[in-house]
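Single-structure report; data block below.
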Amino acid sequence: MMIFHITTSEAWQAAKASGAYRAPSLDAEGFIHCSTREQVLPVAENFYQGQDGLMLLVINPDRLDTTLKWEPPAGGGPPPGVDEDKMFPHVYGEINVEAVVDTVSFERNSAGNFIMPAI
């Protein structure tokens, strides 16, 4: 099963140049927030409204050079639209670019809602 991470195009370009992706949450919380396919849209709607130029990283957990843990959502309960008992994938370290098997533009529709790309 693939996991997903929402980021900016600029951050992904920098990761490709350096060989690893590093989110601000890694320094602030000790891990990079990721989602399952079912969690992507609720996370986007709750934390990325009004942001443009986003990318969705498709990550193969088997290719990660660091630790992946399945944990409850950080900071309390899950965002609306995610079941209380669902765990989130958290990556405890940089994401090596070889673990990212696909990247797609993550856009909103005309109503301003994010749409899951066909991946």
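The values are calculated or read from the model by the stated rules, or taken from the named source; none is laboratory data. What you are looking at is a predicted structure, and each value in this text was computed from that prediction instead of being measured. Cβ: placed from backbone, ideal geometry, glycine included. Neighbour counts: every protein chain shown.
Got a number for residues in the range 1-28 being surrounded by 14 or more Cβ atoms within 10 Å (Cβ to Cβ) and assigned to a helix (DSSP H, G or I)?
Residues that pass the stated criteria total 7.
Which residue out of ASP62, ASP85 is within 25 Å of GLY19 (Cα to Cα) and of a type in the set (Asp, Glu)?
On inspection, the qualifying residue turns out to be ASP62.
For the range 32-47, indicate whether the set of residues that are more than 14 Å from the chain's Cα centre (by Cα) and either over 16 Å from GLU107 (Cα atoms) or modelled with pLDDT under 95 (or both) is non-empty.
Checking the range 32-47: not a single residue is more than 14 Å from the chain's Cα centre (by Cα) and either over 16 Å from GLU107 (Cα atoms) or modelled with pLDDT under 95 (or both).
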